[in-house]
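Shown next, in structure tokens, is the structure this report addresses.
Derivation of every value follows stated rules applied to the coordinates shown; laboratory data play no part. Keep in mind the model is a prediction, meaning the values are calculated, not measured. Neighbour counts run over all protein chains shown; Cβ positions are idealised from the backbone, glycine included.
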Amino acid sequence: MNLFDALTALLLVLLAWRCLIVPDLFRSIVLFVVFGLLLALTWARLDAPDLALAEAAIGAGVLGVLLLGTWRALGSPRRGETPSSSLPAGLRVLSAAGSAVLAGALAYGLHLLPGTGDGAGTLALETLPLPATGQPVTAVLLDFRSYDTLLETAVLLMAVVGTWLARSPLLDALSSEDATAHTPVMPVLMRLFAPVLLVTGAYLVWAGAYTPGGAFQGGAVLAAAGVLLALGRRLGTAPDAGWLLRLLLVLGVLVFIGAGLLLMPAQNAFMAYPERWAGLIMHLVEYTLAVSIALSLLLLFTGRPGLRGISG
Amino acid sequence: MTEMLPVLAVFLPLLAGVILFLSGPGPGGLWALGGIVLSAAPSLLLVRQVAVMGTIEHLMGGWSVPLGIRLMADGLSALMILLTAVVGVLVSIHALGLFDRRDAASRQFWVLWPLLWGALNALFLSADLFNAYVTLELVTLAAIPLVLLAGSARAVSAALRYLILALFGSMLYLAGVALIYGLTGVLDMQLAGERLAGGGWVVNLAAALMVTGLLVKAAIVPFHLWLPDAHGSAPAPVSALLSALVVKAAVYLLLRLWSGPLLEPLSQPSVAWLLAGLGVAAILYGSVQALRQPRLKLVVAYSTVAQLGYMLLLFPMAGLLAWQGVIYHGVAHGVAKAALFLAAGNILYQIGHDRIVDLRGSGTVLAVSFGTFAIAGISIMGLPPSGGFLGKWLLLQATLGAGAWWLALVILAGGLLAAGYVFRVLRAAFQLPDSDAEGMEPPVRHIGPLMRWPALVLALLGIALGFAGEPLLALLGDMPGGAG
């Protein structure tokens with residue numbers, strides 16, 4: 001551990017602390033985004049580039065956008081206002097003490113852990129030439145433990161439907177009158193960055209088979225392009241999702257389940273693909289998943305079922 | 001074909017949810033009905049095969065453990081899947097009557113509920129610690145939007161509270177799984193259990209984290225804070241599904257861990273008695289709260305808090321009788337509680353409110369609904385003949401066998417308190433009005449047969465479970481892993 005790592009660790013704790021205690025909601029969100037970026041850097045330092053990408057794209061990027069969108073939706077009267085904590089001081093001290101004990105116990109427990117040599121991870125690396133993709137993380141996500149990945153993609157569908165349901169009783173204000181859209185910077189930013197984001201996202205998905213990256217990271221970046229278009233008022237919302245949008249939202253899950261179920265009688269196991277086709281199927285799954293993930297994340301941001309293009 | 005059934009039991013419901021999402025504002029209830037059939041059929045086939053052939057396993061992707069994920073359908077899984085299918089079908093029929101598919105929000109029920117069904121089956125079939133986490137998340141994240149279907153601001157705040165506490169529980173569980181993976185290098189429950197033998201400080205920590213996380217999700221006192229609001233403000237079919245199945249999924253996982261990888265840390269007497277103590281607290285606190293609630297649905301919700309407590313009494317007794325008793329109690333409660341919530345929902349729907357003091361005299365007008373409530377109440381109280389009686393009877397024998405007579409007293413007290421809150425409602429409903437002027441108000445809305453009969457069938461099933469002990473306990477079989 002060198003000075004840089006020590007400094008990063010210290011900064012992480014400091015940022016988390018500030019993020020929790022800062023009275024202004026907006027600053028708290030900004031601190032959270034910075035925290036996410038620093039965390040991504042930490043993952044990179046720990047030789048986990050996949051996690052670093054995911055953390056940067058989803059943890060800092062998408063989550064930051066969602067938080068800022070929510071903050072904006074809270075309306076101007078609340079801005080800058082101290083979020084009133086309903087917890088009495090005693091309970092706050094108690095929860096702080098509880099967190100400290102938990103953190104201490106976890107740190108001590110992690111310290112006691114042996115380095116295991118014969119676990120599933122080692123076995124996965126040894127088996128690596130076998131699966132259709134040589135990239136270890138992708139092999140785990142789309143082959144060894146593809147079942148987990150498939151179930152997780154269903155979470156996105158639930159989240160999107162949940163957002164629609166949660167939103168309607170709460171507010172229906174956030175749409176057209178949007179300050180950011182009128183700034184002169186926005187069109188320039190959009191023209192500059194939207195194509196870059198699209199290409200970067202597509203690259204991340206494609207690269208997932210060989211190097212760090214994949215459907216989740218790539219999808220998040222693609223979603224960012226969509227968010228930019230929505231902010232620049234090239235993408236508007238609609239009260240209902242058309243059939244094409246609905247299809248694209250579930251395309252990844254459909255292809256994933258379909259490939260697994262259709263090949264099951266021949267392979268005698270769910271999601272076991274014949275060797276010749278395995279690579280092709282996994283790519284297909286990865287690309288369609290990326291599209292579905294990108295759209296789901298974008299819809300989480302816009303908060304309404306439908307999307308429509310705005311020419312201009 | 002047989003080894004495909006576990007996969008189909010997970011993915012046909014998920015597929016049904018996706019298809020119903022795609023179909024959009026489609027042609028009414030037929031699509032939904034198709035979804036129900038598609039979801040229920042593989043479950044029932046799987047249960048039959050397990051009953052005939054015993055445990056069925058499936059290696060996902062053809063990868064053997066510890067590399068891949070194992071699905072396992074043993075007696076306990078099969079029983080839970082059967083409970084889900086039976087309650088699921090009947091609640092679905094009720095929902096067909098209640099939710100108009102032309103209404104945008106109601107339509108989402110038919111997306112979320114099949115997804116929840118698939119997620120529940122996935123959880124009951126999981127034999128992998130991390131996969132169990134994923135499925136538990138899936139169950140929670142399908143359940144929370146369902147609460148939102150009520151559409152009120154109150155439901156939104158209840159759902160958000162549920163979300164925050166559930167995420168806290170998930171985080172604790174996941175931290176425990178991470179520690180176990182760090183210790184053993186495997187996630188398969190059986191392999192991890194073998195490698196964890198001998199215990200140690202880290203194993204205890206991991207067990208504490210995982211169990212606490214599950215207790216939060218199962219709404220065991222003192223982590224019950226989210227349940228009454230969420231279950232009380234959701235639409236009736238959703239409340240029924242949440243109380244009968246969703247909280248039980250967390251308890252199921254607790255039992256699964258106890259009978260498998262975490263047997264050693266959870267069998268230490270101090271831990272076992274601590275858990276049983278929480279169970280006792282849940283039984284007494286939940287029942288007393290149920291007695292004091294002003295609204296019918298909240299009575300039923302607090303009753304769930306109380307009834308879940310019985311399932312924790314297993315730990316210090318740890319014999320076959322207690323195992324059978326606890327699980328039978330869980331199944332019987334699932335059926336009876338679904339009936340109670342549907343009946344309460346029907347009452348609320350018909351008279352426009354569920355304030356108990358204002359129920360006076362409505363019993364004669366809403367005879368079927370209150371009759372259903374009363375019949376389901378028999379099983380909740382644990383009176384013979386009913387499933388609730390059988391579960392509690394087995395549990396009582398186990399406590400007396402273990403010499404824990406005061407636990408037997410708690411079980412009896414819980415039954416008495418349950419009688420108190422059930423009869424409080426019935427007394428209000430069947431009390432004659434003071435004067436003719438108040439009169440018996442006619443219902444504001446009428447319910448159709450689709451909403452009326454499923455509740456009654458569930459209530460009668462709760463009674464029938466009192467006679468079905470033998471085949472169901474045979475299906476359950478011995479304790480897995482030779483625990484205890």
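Side notes on the structure shown:
- Cα gyration tensor, chain A - rounded (a/c under 1.5), prolate or oblate: oblate
- Computed over the alpha carbons of the protein assembly as shown, Rg followed by Dmax gives 26.3, 86 Å.
- Cα point-scatterer Debye curve for the range A:220-279, base-10 log of I(q)/I(0) at q = 0.14, 0.15, 0.22 Å⁻¹: -0.62, -0.66, -0.90
- Tensor-based shape of the range B:359-404 (alpha-carbon gyration tensor, a/c under 1.5 rounded, otherwise prolate or oblate): prolate
- Centroid-to-centroid separation of the range B:370-401 and the range B:240-270 [C-alpha atoms, Å]: 21
- Anisotropy class of the range B:281-351 from Cα gyration tensor, a/c 1.5 cut: oblate
- Screening chain B for whole DSSP H helices of 27 Å or more along their axis (Cα) with average Kyte-Doolittle hydropathy at least 0.0 returns B:28-53, B:75-98, B:104-125, B:129-148, B:153-184, B:269-292, B:320-351, B:405-430.
- Amide hydrogen neighbours beyond the local backbone of A:A272, cut-off 5 Å, H modeled: B:G61
- Gain upon complete extension [A:L247, A:L74; 0.36 nm per residue less C-alpha separation]: 59.1 nm
- Each residue of the range A:22-36 is assigned a 3J(HN,Hα), and the resulting list reads 5, x, 7, 4, 4, 5, 4, 5, 4, 4, 5, 5, 4, 4, x Hz, derived from the Karplus form 6.51 cos²θ - 1.76 cosθ + 1.60 (θ = phi - 60°), x at Gly and Pro.
- Each stretch of four or more DSSP H residues adds -39500 (n - 2.57); spread over every residue of the protein assembly as shown, this sum gives -24000 deg cm²/dmol at 222 nm.
- The alpha-carbon atoms of the range A:134-312 define a convex hull whose volume equals 120 cubic angstrom per residue.
- Look at the dipole of the protein assembly as shown built from charges on Cβ: of A:A278, B:G415, B:L342, the Cα furthest out on the positive end belongs to B:L342.
- Ordering of B:364-374, B:252-262 by burial proxy (mean other Cβ atoms within 10 Å per residue, highest first): B:252-262, B:364-374
- Spatial separation of Cα centroids for the range A:184-244 and the range B:137-195, in angstrom: 30
- Between the range B:93-118 and the range B:1-25, the alpha-carbon center distance in angstrom: 15
- Pairwise FRET efficiency - B:L432 versus B:E194, Cβ, R0 = 56 Å, nearest 0.05: 0.30
- Column: log10 I(q)/I(0), Debye, Cα scatterers of the range B:20-155, q = 0.13, 0.21, 0.22 Å⁻¹: -0.62, -1.24, -1.30
- Rg and Dmax of the range B:268-476, Cα atoms only, in Å: 18.0, 64
- At most 12 other Cβ within 10 Å, DSSP loop - trypsin sites (Lys or Arg not before Pro), the range B:72-144: B:R102
- Working ranking of peptides A:143-156, A:247-260, A:211-224, A:272-285 by packing, defined as the average number of other Cβ atoms within 10 Å per residue, highest first, is A:211-224, A:143-156, A:247-260, A:272-285.
- Listing B:Y173, A:Y108, B:Y181 from fewest to most neighbouring C-beta atoms within 10 Å gives A:Y108, B:Y181, B:Y173.
- Solution diffusion estimate, µm²/s, Stokes-Einstein, chain B, Kirkwood Rh from C-alpha pairs, 25 °C, viscosity 0.890 mPa s: 110
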